[in-house]
Amino acid sequence: MAAAALAAATLVSGCGGDELSETPLAGEYIRGSFHLYLFCAGQDPQYRAEDLLYPLNFPGQTWAFAQDGTDVTMSWDGLPLAQGRRTTNGISLDFERIDPYGDTVDWHFEGKLRDDLAFHGRTVVGRIDSGTHEGCLILPNSVAWFTEGVRERSKPLNPEAAASARGGWGRFVWFLDVGPYGMSRKGDEGQRGRNLRMFSFSATGGGSITAGGDGAFFDNGFGTPWLGAAQNGAVEFEQPEQYWDLEYRQDVLFDDGGDSDLGVHRVLAGFVDGHYRVTEENYPFGWEGETGMLPIKSPGMAFWLDLTRGEQLPEASAAVASPRVVTREEDESVPRSPMIRMIDGVPVW
């Protein structure tokens with residue numbers, strides 16, 4: 001019991017900011033992720049990190065929170081997913097599902113409502129501190145977050161040496177909603193595809209963020225440091241290349257304050273805008289559409305995970321998964337989960 005109380009106390013101080021109990025919780029939270037750190041007895045390897053990503057939810061495919069007194073419920077298009085309580089210290093939820101499309105779960109969440117972020121609207125973030133996933137035990141240093149979306153910011157960040165995003169990161173991931181763009185059947189302009197969805201995915205072994213009074217440098221594993229700004233828990237930088245020109249706006253959503261246990265210790269996540277080069281090869285066989293450096297139509301998702309608490313900054317590694325575009329056609333008559341699953345930095349399609 002003492003250990004559990006200590007873990008809860010660490011959580012309350014580690015999510016960032018004081019609990020804004022006067023801030024309404026009710027509403028739709030359109031994006032989110034589960035970053036699980038698992039112990040899998042009898043498997044090799046026994047420990048693994050798994051990310052369940054929801055880069056973009058459409059109307060009716062999103063989480064919704066409701067509060068009645070101190071009672072809290074979470075649903076997806078009317079289907080109950082979790083229930084619990086809200087107190088002056090945070091939000092406690094017991095999950096029965098994470099979305100309507102998967103199996104039932106028995107997960108417990110302890111978190112907070114944050115409304116103090118630079119680039120995110122209201123965001124519920126905290127730990128999945130117990131439960132199982134596909135036969136593996138979820139370790140307490142697993143993190144989940146849900147946000148109502150982008151918060152527009154008119155003032156640029158002022159570089160600040162005490163930026164909490166600085167230091168070493170064990171993983172960097174981007175997942176961009178590149179399309180959809182107009183496409184048609186080759187040789188038949190009358191046949192047009194309406195539900196094409198293009199994703200660009202990339203994951204690296206992380207890197208480092210350095211910050212000082214003159215600016216900040218972001219090494220996200222591509223071999224080149226990008227210049228930007230970091231202030232308190234917020235960062236922004238641009239990553240121009242031949243095949244993309246991306247603009248990042250991110251916040252430190254979670255920081256456990258220095259816990260030494262295995263797992264996820266910090267999460268820096270946020271939105272990506274800009275342009276991406278689309279080629280003919282990115283379209284399904286027999287179809288064609290716009291090509292060239294095209295604007296990203298919906299803000300993409302990118303995140304960094306601090307999976308270690310070492311004093312040495314790790315060198316940026318080669319890409320775990322090189323940038324590539326994956327095309328998926330959506331059928332509105334056959335709803336399916338928008339979740340993207342990753343195991344140790346590699347997508348599982």
Among the strands (runs of 3 or more DSSP E) lying completely within the stretch 246-318, list those that include at least 1 residues that are under 22 Å from residue 147 (Cα atoms), small (Gly, Ala, Ser) and at pLDDT 85 or above.
-> 266-278, 300-306
Please specify each residue of the stretch 117-174 satisfying the condition of being within 18 Å of residue 263 (Cβ to Cβ) and among the β-branched types (Val, Ile, Thr).
-> 125, 128, 132, 138, 143, 173
Going by the structure shown, is residue 172 more than 15 Å from residue 228 (Cβ to Cβ) and buried (at least 19 other Cβ atoms within 10 Å of the Cβ)?
-> no
Just give me the residues in the stretch 44-81 being farther than 20 Å from residue 103 by Cβ and among the small types (Gly, Ala, Ser), in sequence order.
-> 49, 60, 64, 66, 69
Got a number for residues in the stretch 24-34 being touching a Lys or Arg at 6+ places or on another chain (Cβ under 9 Å) and either at pLDDT below 90 or assigned to a strand (DSSP E or B) (or both)?
-> 2
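Determine, yes or no, whether residue 140 is crowded, with 16+ Cβ neighbours inside 10 Å, more than 21 Å from the chain's Cα centre (by Cα) and either under 21 Å from residue 247 (Cβ atoms) or of a type outside the set (Asp, Glu) (or both).
Answer is no for this residue.
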Residue pairs meeting the criteria (Cβ under 9 Å; at least 6 apart or on separate chains; first of a type in the set (Lys, Arg), in the stretch 279-303; second not in a strand (DSSP E or B)) = 297/178; 297/179; 297/180; 297/181
Please work out which residue is modelled with the lowest pLDDT, limiting yourself to the stretch 193-234 and to residues that are buried (at least 16 other Cβ atoms within 10 Å of the Cβ) and not in a strand (DSSP E or B).
-> 206
So, of the residues in the stretch 103-156 that are of a type in the set (Lys, Arg) and assigned to a loop (DSSP other than H, G, I, E, B), which turns out to be nearest to residue 81 (Cα to Cα)?
-> 122
Taking residue 84 as the residue in question, decide whether it is modelled with pLDDT under 95 and of a type outside the set (Val, Ile, Thr).
-> no
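Quick check: anything in the stretch 37-58 more than 27 Å from residue 302 (Cβ to Cβ) and touching a Lys or Arg at 6+ places or on another chain (Cβ under 9 Å)?
Yes, some residue in the stretch 37-58 is more than 27 Å from residue 302 (Cβ to Cβ) and touching a Lys or Arg at 6+ places or on another chain (Cβ under 9 Å).
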What number of residues in the stretch 79-133 are of a type in the set (Ser, Thr, Tyr) and buried (at least 23 other Cβ atoms within 10 Å of the Cβ)?
-> 1
Pull up the stretch 319-349, narrow it to residues that are of a type in the set (Ser, Thr, Tyr) and either outside any loop (DSSP other than H, G, I, E, B) or modelled with pLDDT under 70 (or both), then point me to the one that is nearest to residue 170 (Cα to Cα).
-> 322
Take the residues in the stretch 235-258 that are acidic (Asp, Glu) and over 15 Å from residue 175 (Cα atoms), then tell me which one is surrounded by the most Cβ atoms within 10 Å (Cβ to Cβ).
-> 251
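The values are calculated or read from the model by the stated rules, or taken from the named source; none is laboratory data. Just so you know, these numbers come straight off a predicted model, no measurement behind them. Quick reminder, even Gly has a Cβ in these numbers, built from the backbone with ideal geometry, and neighbours come from all protein chains shown.
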